[in-house]
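What follows is a set of notes on a single structure, which appears directly below.
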Amino acid sequence: MAGARGYVLIVVLSIIWGLAFVAIRRADFELSSVNLTLLRWFIVSAGFLVIYPLVIKPKVKFERKDFPRLLLVALTSVVIYHLALNTAEKQVDASLAGLLISLAPMTTVLLSSVVLHEKLRARLWFALVLAIAGSVAISSPDLSSSSTTVTGPLLVVLAAVSSGIVAVSSKPLTTKYGPFPVAAWSAFLGTAILLPLATQGLVSQAETLSAYGWASVIYLAILSTVLANLIYFTLVSRQQLSRLGIQLYLVPAVSAVGGVLILGERLGLATVVGGAFLLLAVGLATAGRQ
């Protein structure tokens with residue numbers, strides 16, 4: 001995607017997803033990992049149903065041969081990613097979760113090179129190294145080994161890898177059918193797969209959810225999923241995934257700023273240096289032609 005519109009979408013998406021980690025941490029206080037996932041995606045599916053007649057217009061009629069790929073997108077983007085991340089954030093420090101989830105853009109870059117045969121020039125490799133270094137720097141002051149199990153970190157890594165798989169597997173679909181239909185179809189299919197996990201406990205927790213809890217869930221569902229997925233799949237369909245993967249390292253930078261402004265976390269030298277590395281990496285990935 002050329003021009004200012006693409007850059008604006010990257011910034012908007014990064015802000016929405018960067019602040020989503022704050023909302024997840026808040027919602028995790030009141031909801032189980034499974035119930036947070038279910039409640040979020042029930043609202044997401046309802047949102048897509050409302051806007052479907054208005055904005056969901058497939059370029060061509062859906063072909064059954066593409067169902068396995070759509071199923072993979074739904075499983076990885078809805079079920080695996082969210083169940084893994086929501087469960088992990090109850091077991092590991094937020095800083096460690098943020099560091100490990102930064103593997104997601106790197107996975108996208110590497111998979112796009114291997115699966116889609118995108119050529120990665122030296123500038124992109126250098127940008128990727130800078131981005132990883134920036135993520136490490138931002139997370140380093142608060143990293144701890146307080147977790148008594150490796151399950152949490154492994155679940156975050158699983159979520160990160162799932163994110164990369166979503167990007168690569170969805171690109172042919174978004175190119176063929178358009179980004180909006182793929183976002184809606186994967187949401188409906190993923191939510192249907194989650195249905196067997198619903199129990200009476202979901203209703204009980206929803207009934208006692210505080211205003212802050214509902215605000216977090218609504219933010220995660222409407223802004224961080226419906227709107228963000230429409231933006232994300234649009235970007236996936238229109239530009240090189242390796243470039244997009246590095247640009248999305250704006251997300252941990254936004255998350256760090258959000259922690260300072262919203263949660264009152266301390267702005268240390270490591271955060272400033274890490275943020276500068278991330279911004280430089282995004283600038284290198286954004287400037288010029290690939």
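Once the mean 1/r over all distinct Cα pairs of segment 25-72 is inverted, what Kirkwood radius in angstroms do you read off?
13.5
Could you calculate the contour length gain from Leu71 to Ser210, that is, 0.36 nm times the residue separation minus the distance between their Cα atoms, to one decimal place in nm?
46.6 nm
Around Lys90, with a cut-off of 10 angstrom between Cβ atoms, what is the net charge of the other residues, counting Lys and Arg +1 and Asp and Glu -1?
It works out to a net charge of -1.
If you plug each phi of segment 208-224 into the Karplus form 6.51 cos²θ - 1.76 cosθ + 1.60 with θ = phi - 60°, what whole-Hz ³J(HN,Hα) values come out, in order, with x for Gly and Pro?
The phi angles translate into 9, 5, 6, 4, 5, x, 5, 4, 5, 5, 5, 4, 4, 7, 7, 7, 7 Hz.
Label-point separation (nm) for Ala276 and Phe29, each offset 7 Å from Cα along Cα-to-Cβ?
If labels sit at Ala276 and Phe29, their model points lie 3.5 nm apart.
Taking 22 Å as R0, compute the FRET efficiency from the Cβ-Cβ separation of Thr199 and Val50 and round it to 0.05.
For Thr199 and Val50, the calculated efficiency is 0.25.
Please identify the chymotrypsin sites (Phe, Trp or Tyr not before Pro) of segment 1-88 that satisfy two criteria: DSSP loop assignment and at most 16 other Cβ atoms within 10 Å. Which are they?
Phe29, Phe62
Assuming R0 = 51 Å, what is the FRET efficiency of Thr151 and Glu63, from their Cβ-Cβ distance, to the nearest 0.05?
FRET efficiency, Thr151 to Glu63: 0.80.
Any idea how far apart Lys119 and Val11 come out in nm if each label point goes 7 Å out from Cα toward Cβ?
3.1
Excluding Trp185 itself, calculate the net charge of residues whose Cβ lies under 14 Å from the Cβ of Trp185, where each Lys or Arg counts +1 and each Asp or Glu counts -1.
Its environment carries a net charge of +4.
Output ³J(HN,Hα) for segment 199-205: one whole-Hz value per residue in order, computed from phi by the Karplus curve 6.51 cos²θ - 1.76 cosθ + 1.60 with θ = phi - 60°, and x for Gly and Pro.
Per residue, the Karplus-derived 3J(HN,Hα) values read 9, 4, x, 5, 5, 4, 5 Hz.
Throughout, read-outs are computed from the coordinates displayed, never taken from laboratory work. In this text the structure is predicted, and so the values were computed from the model without any measurement. Glycine gets a Cβ as well: all are built from the backbone with ideal geometry, and neighbour counts include every protein chain shown.
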